Amino acid sequence: MIEKKDNFFHLYNKKISYIFEILENGHLGQVYFGKRVSKLWEYDICYLKKYKNKAAGTVKYSKDMGNFTLADQLQEYPVYGTSDFGMSAIDVRCESEIYYLDFQYQDYKVKRYKKRNLDFPTSYGNNAETLSIELLDVERNLKLWQNFTIFDDTAAIVKSIKLENVGEKKVNVNKCLSGVLELRNMPNHELVTLDGAWLRERHINIRPIKHGLTTVSSLKGASGHQHNPFIMIKEKDTTLETGEIYAANLIYSGNFISGVEMDEWDKARIFVGINPEYFEWGLSPKETFSTPEAVFFYSENGINSLMDETSLFVNEHVIDKKWQDVTKRPIVFNSWETMYFDFDEKKLLDAAKEVKKLGMECFVIDDGWFENRNDDRNSLGNWKYDINKFPNGLKSFSKKIHDMNLKLGIWFEPEMVSPNVELLKKHPEWLLGHPYSRKAIGRGQYVLDFSNPMVIEEIYNQIKKIIIMTNLDYIKWDMNRNITEAYSAYLHDNDRSQGEVFHRYICGVYTLYKKIISDFPDILIEGCAGGGGRYDLGILFYSPQIWPSDNSDATERLDILTGTVLGYPLSSFSSHITASPNHQTNRRTMLSTRHNIGIFGALGYELDLNKLSTQEKKEIKDVISFYKKNQELMMYGRFIKLTTNDDVYNWAVVNKDKSEAVVMIFNRKIKPNSTPKSYLKLHFLDEGKKYIINDTDIVSGEFLKKYGMENPIVFNGINQQYSVVTEDLQAICVKIREYK
Ligand code: DGJ
């Protein structure tokens with residue numbers, strides 16, 4: 001998948017080509033990223049080389065190189081101050097000196113296969129090839145390896161950087177982004193980001209790309225609720241099925257920056273990496289610093305194709321593949337919105353009996369199970385069960401759950417500490433925060449210093465005890481406050497810069513993940529951060545699924561889901577059916593609406609089962625039985641958006657051979673007598689197949705593709721065969737399977 005000709009490198013698979021070159025000054029320059037080109041033709045290279053350096057009014061790179069300037073090049077890893085004035089990818093300083101870096105090509109090597117290594121999240125796969133280019137700044141004694149990985153199945157290129165100090169003086173790295181993609185002629189393009197807030201995560205946000213810099217970022221120590229590292233650049237008139245799209249993401253969970261800079265010639269510089277603000281990494285002689293990986297995606301045919309690529313990449317090359325076995329992904333019952341802190345063993349066991357009867361598979365005790373934890377102000381960092389709530393012990397409780405043939409899950413918030421716990425009295429220096437007299441506090445708690453290995457060891461030992469005691473199957477790993485006054489006493493004592501805190505902290509989080517997963521590989525860890533405050537590829541490397549939002553209202557999840565799936569697979573989206581009226585919005589919805597939206601992704605329940613009618617219990621049983629039979633389709637089927645606007649959401653999942661599909665149709669408001677009939681074209685089906693709709697009507701694939709399926713939500717006063725005319729906020733699922 002890697003070819004070198006002359007000064008050009010060509011990375012390709014059946015879908016894409018990525019071409020870059022060694023520029024005449026020895027730097028790396030980009031040439032092309034897009035649909036696969038057959039090969040690097042000699043005459044194309046000559047043609048490319050012939051017409052260059054036409055930019056007027058620029059400073060030239062060197063007096064010996066004629067008109068050559070970096071300003072008009074597509075650069076692989078732009079440096080500032082050597083004839084380019086755009087946003088740089090790297091900033092290194094030595095004492096009071098600023099380095100104007102000048103990395104020259106030295107050599108390259110190619111490596112096959114990429115192993116999954118739990119030390120730090122990266123992409124992996126047997127079908128990978130990695131090209132590493134070695135560059136050297138000889139005057140400043142810095143070596144830079146630029147790594148490019150391509151897999152044979154996805155339209156994605158993965159990039160990362162390793163920097164080595166080969167000199168004799170310590171230097172400080174103030175910025176070292178993971179990857180850049182430069183594209184010419186982008187005057188009509190839009191930037192799509194996933195933005196929001198707590199309870200409103202990852203809503204699609206579209207803005208035109210204007211000249212200058214547009215970024216989204218985080219300084220919260222986590223990727224955050226407000227922005228996501230995933231960004232997408234599309235032509236204005238791109239549709240669900242047409243138009244070129246470029247997208248980028250970062251395999252990382254800490255402070256990030258993602259953005260685009262458009263220059264005076266409509267050239268777009270797309271970049272992702274660790275946020276350089278409040279970042280400084282000391283690099284002593286012989287030390288190296290490696291960035292997280294950036295991933296760049298390409299889609300030739302609009303948004304649905306892009307989602308094919310992002311979901312394939314994340315399922316195959318980020319999440320541990322073993323979780324694709326859906327028997328390992330239980331239907332969860334969670335105690336949080338069911339009983340919050342108000343429970344004891346008896347209440348839990350009563351609920352568990354009902355949970356079992358309805359067909360759910362894993363009983364999760366959320367927050368509130370440990371000593372003194374009757375509200376959210378206490379006891380974090382003291383992971384001992386509450387004897388008042390479990391008078392017979394947690395071990396005996398876990399045995400009772402397992403005896404019912406249910407799995408057991410427990411909530412932890414490993415990175416946090418409450419002010420009143422012994423641990424903090426014994427080790428005040430384990431708190432992450434400056435020793436100022438005032439410290440910010442969030443949800444009544446502080447953050448532990450995960451850059452200190454001793455802290456991780458202590459928390460791991462506490463969690464391990466509980467895992468062994470309960471023979472635990474599932475962990476919900478929560479994280480409910482962000483980092484402020486980032487300062488580590490441990491780094492201070494070890495003479496490291498405080499600018500390293502954020503990155504070392506998140507590396508510590510990954511270390512704890514590694515410890516748990518290495519010792520207990522069968523435990524499923526669901527990621528969570530006060531809802532969706534850390535929905536990123538770093539967490540997905542360890543956790544196959546993430547709690548996407550504390551907003552569990554199905555109609556709110558429509559926006560959250562349709563945003564999230566641009567960059568992340570449905571299999572990662574944890575979807576719980578909760579009560580009506582909903583606890584966050586007070587909105588009432590039918591159970592069928594909650595189900596018909598909730599069955600896409602990893603299904604779970606989080607509501608008081610005692611309050612359900614017999615009819616509702618029957619509906620739950622039926623849905624669970626359908627879900628179990630179709631779990632693979634509902635988690636790993638191809639997700640297709642059919643239409644989206646604020647009032648109508650139509651989407652579908654279809655399996656690989658197009659023999660099974662489920663179409664979801666949501667209507668916010670019933671419009672009486674708006675149209676007697678409407679049809680939804682199901683272009684994703686197989687023209688050559690015959691299908692049966694809801695086990696009732698037989699229709700050809702060709703008809704469904706070209707004419708369409710009758711929309712069941714049409715109110716014209718008469719109940720048609722499968723129309724269910726009820727009320728606003730109606731979601732319906734139509735099941736389609738091949739008829740033989
Ligand atoms: C925030 C999570 O997102 C919720 O699901 C729940 O686990 C609470 N924390 C518990 O404190």
- Consider only pairs whose beta carbons are under 6 Å apart and that are at least six residues apart or on different chains; among these, list those whose first residue lies in the stretch 99-114 and is assigned to a strand (DSSP E or B) and whose second residue is exposed (fewer than 13 other Cβ atoms within 10 Å of the Cβ) and of a type in the set (S, T, N, Q). Tyr113/Asn126
- Enumeration of residues in the stretch 538-588 that are closer than 16 Å to Thr310 by Cβ, part of a helix (DSSP H, G or I) and away from the ligand (no atom under 14 Å from the Cβ): Gly538, Leu540, Phe541, Leu561, Thr562, Gly563, Thr564, Leu570, Ser571, Ser572
- For Tyr446, the lone unmet condition from (1) in contact with a Gly (Cβ under 9 Å, 6 or more places away or on another chain); (2) more than 16 Å from the ligand (Cβ to nearest atom) is (2)
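Residues are listed down the side, and each one gets a yes or a no for (1) of a type in the set (S, T, N, Q); (2) closer than 30 Å to Val171 by Cβ; (3) under 24 Å from the mean Cα position of the chain (by Cα):
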residue: Tyr278; (1), (2), (3): no, yes, yes
residue: Thr288; (1), (2), (3): yes, yes, no
residue: Phe296; (1), (2), (3): no, yes, yes
residue: Glu309; (1), (2), (3): no, no, yes
residue: Val318; (1), (2), (3): no, no, yes
residue: Gln324; (1), (2), (3): yes, no, yes
residue: Val332; (1), (2), (3): no, no, yes
residue: Asp344; (1), (2), (3): no, no, no
- Item | Residues being assigned to a loop (DSSP other than H, G, I, E, B), modelled with pLDDT of 95 or more and of a type in the set (S, T, N, Q) - total across the stretch 388-426 | 4
- Which of the residues belonging to the stretch 408-427 are touching a helix residue (DSSP H, G or I) at 6+ places or on another chain (Cβ under 8 Å) and more than 20 Å from Gly444 (Cα to Cα)? Leu408, Ile410
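So is Arg112 of a type in the set (D, E, K, R) and in contact with a helix residue (DSSP H, G or I) (Cβ under 9 Å, 6 or more places away or on another chain) or not? Quick ask: steps written out before the conclusion?
On the way: of a type in the set (D, E, K, R): yes; in contact with a helix residue (DSSP H, G or I) (Cβ under 9 Å, 6 or more places away or on another chain): no.
No: the conditions fail for Arg112.
How about the stretch 1-96: which strands (runs of 3 or more DSSP E) wholly inside it have at least 2 residues that are of a type in the set (Val, Ile, Thr) and either in contact (Cβ under 8 Å) with a residue 40 or more places away in the chain or out of contact with any Lys or Arg (no Cβ under 7 Å at 6 or more places or on another chain) (or both)? Let's see the steps before the verdict.
Working: elements: 2-5, 8-12, 16-22, 28-35, 90-94.
Filter on the stretch 1-96 gives 16-22, 90-94.
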- Scanning the stretch 515-534 for residues that are charged (D, E, K, R), more than 16 Å from the ligand (Cβ to nearest atom) and either assigned to a loop (DSSP other than H, G, I, E, B) or in the same structural domain as Ile410 (by TED's automatic domain parsing) (or both) gives Asp522
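Would you check if there is a residue in the stretch 193-212 being at positive phi and surrounded by fewer than 18 Cβ atoms within 10 Å (Cβ to Cβ)? Spell out the reasoning first.
Taking the stretch 193-212 first, the residues at positive phi are 196, 199, 202, 212.
Filter once more, keeping what is surrounded by fewer than 18 Cβ atoms within 10 Å (Cβ to Cβ): 212.
Yes: one or more hits.
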- Item | Number of positions in the stretch 257-276 that are assigned to a loop (DSSP other than H, G, I, E, B) and under 23 Å from the mean Cα position of the chain (by Cα) | 2
- Checking Gly254 against (1) surrounded by fewer than 17 Cβ atoms within 10 Å (Cβ to Cβ); (2) in a loop (DSSP other than H, G, I, E, B), which single condition isn't satisfied? (1)
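Give the residue, chosen from Phe639, Phe600, Phe626, that is in a loop (DSSP other than H, G, I, E, B) and aromatic (Phe, Trp, Tyr). Break it down stepwise before answering.
Values: Phe639 fails: in a loop (DSSP other than H, G, I, E, B); Phe626 fails: in a loop (DSSP other than H, G, I, E, B).
It is Phe600.
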- Do you know which of the residues in the stretch 382-416 that are touching a Pro at 6+ places or on another chain (Cβ under 9 Å) and within 16 Å of the ligand (Cβ to nearest atom) is farthest from Pro428 (Cα to Cα)? Gly409
- Message: I'd like the residue in the stretch 322-380 that is assigned to a loop (DSSP other than H, G, I, E, B), among the hydrophobic types (A, V, I, L, M, F, W, C) and over 20 Å from Ser575 (Cβ atoms) and, out of all such residues, is farthest from the ligand (Cβ to nearest atom).
- Response: Phe343
- Note on the structure: Given the conditions (1) under 30 Å from the mean Cα position of the chain (by Cα); (2) farther than 14 Å from Asn382 by Cα, every one holds for Trp411 apart from (2)
- Can Trp323 be described as touching an Asp or Glu at 6+ places or on another chain (Cβ under 8 Å) and hydrophobic (A, V, I, L, M, F, W, C)? no
- Query: Counting residues that are out of contact with any Gly (no Cβ under 9 Å at 6 or more places or on another chain), which strands (runs of 3 or more DSSP E) fully inside the stretch 149-237 reach at least 1?
  - Reply: 156-165, 179-183, 189-195, 203-208, 212-217, 231-235
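If you take the residues in the stretch 493-507 that are of a type in the set (Asp, Glu) and assigned to a helix (DSSP H, G or I), which one is farthest from Leu283 (Cα to Cα)? Before the answer, list the steps.
Step one: of the stretch 493-507, the residues of a type in the set (Asp, Glu) are 493, 495, 500.
From what's left, assigned to a helix (DSSP H, G or I): 493, 500.
Numbers: Asp493: 17, Glu500: 11 Å.
The extreme case among them is Asp493.
Consider Gly499 carefully, then state whether it is touching an Asp or Glu at 6+ places or on another chain (Cβ under 9 Å), assigned by TED's automatic domain parsing to the domain that holds Trp336 and at pLDDT 95 or above.
no
The values are calculated or read from the model by the stated rules, or taken from the named source; none is laboratory data. Remember, it's a predicted structure, so these values are computed and weren't measured experimentally. Using ideal geometry, Cβ is built from the backbone for each residue, glycine included, and neighbour counts are taken over all protein chains shown.
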